[in-house]
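Laboratory data are not the source of any read-out in this text; all were calculated from the coordinates shown. For clarity, every value in this text was computed on a predicted model and none was experimentally measured. Note: ideal-geometry Cβ built from the backbone for every residue, glycine included; neighbour counts use all protein chains shown.
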C-alpha cells in the first residue's frame, strides 16, 4: 500500500493504517503524506518508511512507483486527503495501473464522481470506498436478515447520525478537522450532509437493499457564520414504496458518534446503534424481541466471516474499517477485470460513491428550492 495524505498530525490516516495492517494482508511501503514535502518526509521517517519511498507529492509517488519492478512497487494507493484532493490522485493512480482505496465522500462534486467511474471502467481498476459502518458484523447480519425475507417487505427506514463536536465555531480556532470540513472549497456542497449524512444514507441502502429514489430536505447552518450546513433533516422515498427519515447533525450537544439505523417490515423490524455495535435488536409483530450478538454461533455466514473474536469480546470501529481493507485485498489478489469486485467481496465501490454524491447534491438542491422533492437518478 502507498498512502496519499495521512501525515503524522492527521486523524484518519492513522485509522486507515491500523485497519489495513490488522489482518497481516497489507503492508505500507511508500507515501506522499503531506502537500508539504518536509512534512511528508518527517511523517515517513516516523512511520519507518525508507527515505527513497517517501515522496513530496502524489504525482511524484505515482510516477516513480510505476517505474519500479512489479515485486517492489505498491499494488494500490490509499487516499486519505480532504475531499477536494480525491479525484485527481485517484484518476492518476488508476490510469497508472494502481488500485485505489478512497475515503468518502468519493469526490468534491457529482460530475467528478461520474468521471471517476468512467476511469475505473476504462482502466479495469478496483476502487473501494471506505463507508466504514458497512463493515460491522451486525450490519452484515441485519442485511442478511432483510434479504432473507424474514421481516417481510420493508416499509419504513429511520437513519440518524448525531454528533455534537461542531456545536461551537471550532473551525475558527485552527482545529484542522473542523477547518476543512466546514470549507466549501475543500469539503464540497455538503457539510454535515456530506460528512455524516452520506454514511446514514449508505447504511440505509446497504441494509435494506433498496435505493433512495427522491428526498425532501431542510439543511441548516446553526452556528452563526458557518458556510456549510451543520444540521440536516430529510424525508426519503425508496423504491418498492418504502419511505424513511434521515437526520444528520453535528450540533447535537453531548452526542458523540450516535449513528442509529431502524428498519421496519411487514412482520418485524431491527435496530442497531454504532455506539453499541455488537448488538442487533430484532423486533417481531407477534413474538418477543430478540437480541443478536456478535461472535455467536447462530449468526449468518456473512456476519461470522467478518468476526475476529469470540462473543463478549467487543469489536468496533477499527475492525469494521479493517473488514473493508481485508475484502478489498481479496479482490486485488483475485483481480478479475470486468467483474464487480464489490458485489463479490462485499465492499463499497465507485457505484456507492456516485450515489453518495447524488444524495448530497439532491439534499442541497432540495433545501434551496421551493419544489422540495428532488429525484435521485439511478447510478
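What the table below lists for this structure:
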| item | result |
| --- | --- |
| Distance cut-off 20 Å, percentage of C-alpha pairs in region 222-379 lying past it | 67 percent |
| Cα long-axis angle, helix 198-208 against the chain (0 to 90 degrees, to the nearest 10) | 60 degrees |
| Pairwise centroid distance, computed over Cα atoms, of region 162-198 with region 228-255, Å | 16 Å |
| On Cα atoms only, tilt of 317-334 relative to the major axis of the chain in degrees | 60 degrees |
| Counting all C-alpha pairs of region 108-249, share separated by more than 24 Å (%) | 42 percent |
| Rel. contact order, % - alpha carbon contacts under 8 angstrom, at least six apart, region 2-125 | 22 percent |
| Fewest-first ranking of 122, 304, 224, 91, using other Cβ atoms within 10 Å as the exposure measure | 224, 122, 304, 91 |
| Full-extension gain in nm, residue 224 to residue 313, via 0.36 nm per residue minus C-alpha separation | 27.7 nm |
| Measure of compaction for the chain (Cα Rg per 2.2 N^0.38 Å) | 0.97 |
| Length-normalised contact order for the chain - Cα pairs under 8 Å, 6+ apart - percent | 19 percent |
| Along each principal axis, Cα extent of region 198-276, largest first, Å | 45, 30, 16 |
| Gap separating the Cα centres of region 94-152 and region 316-379, nearest whole Å | 3 Å |
| Top of 277, 89, 314 by mean-square fluctuation, Gaussian network on the chain, Cα under 10 Å | 314 |
| GNM top mover of 348, 310, 288 - the chain, alpha-carbon springs below 10 Å | 288 |
| Top of 36, 366, 233 by mean-square fluctuation, Gaussian network on the chain, Cα under 10 Å | 36 |
| Kirkwood-type radius of region 2-125, with distances r between different C-alpha atoms, in Å | 14.5 Å |
| Cα gyration tensor shape for region 301-379, rounded if a/c is under 1.5, else prolate or oblate | oblate |
| Segment residue 168-residue 235, length gained on full extension (0.36 nm per residue, minus Cα span) | 21.4 nm |
| Burial ordering of 109, 134, fewest other beta-carbon atoms within 10 Å first | 109, 134 |
| Cα-based Kirkwood hydrodynamic radius, region 246-314, one decimal, Å | 13.9 Å |
| Sequence-separation-based contact order of region 232-379, relative, with Cα cut under 8 Å and 6+ spacing, percent | 10 percent |
| Three-way shape label, region 83-176, alpha-carbon gyration tensor, a/c 1.5 | oblate |
